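Read-outs throughout are calculated quantities, based only on the coordinates presented, and are distinct from any laboratory measurement. Only a predicted model underlies this, so the values are computations on that prediction, with no experimental measurement involved. Virtual Cβ from ideal backbone geometry, glycine too; neighbours counted across all protein chains shown.
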Amino acid sequence: MAIVDISVVPIGTKNTSLHDYVKKSIAQIKRSGLKYHVSPMGTSIEGELSDIFELILQIHKAQVRMGAKRLLTTVKIDDRRDKKQTMEDKIKAVT
């Protein structure tokens, strides 16, 4: 299982507010059934890496359909193989 932090920034939109794009992406993440956590600067998603990659592709396609001419995406992956570690486990380990 992996924990992936993503941030997708649409460029070439009609205004500087991006909340409609973020809301659409969060709705897609909810429908995926994957565990997630929204933060002010991105979203962490927990699950199988292949499922998360497919979800990122779906988010990209949806934002293009919404009118984005370009997307700047940052992805950080923690693919730990020696033990199962959830997002909550990682937070508990440092707080």
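None of Thr73, Thr86 is among the polar types (S, T, N, Q) and touching a His at 6+ places or on another chain (Cβ under 8 Å) except Thr73.
So if I check each of Val4, Val75, Val22, which one is surrounded by 10 or more Cβ atoms within 10 Å (Cβ to Cβ), part of a strand (DSSP E or B) and out of contact with any helix residue (DSSP H, G or I) (no Cβ under 6 Å at 6 or more places or on another chain)? Talk me through it step by step, then tell me what you get.
Numbers: Val4 fails: out of contact with any helix residue (DSSP H, G or I) (no Cβ under 6 Å at 6 or more places or on another chain); Val22 fails: part of a strand (DSSP E or B).
Going through Val4, Val75, Val22 in turn, the sole match is Val75.
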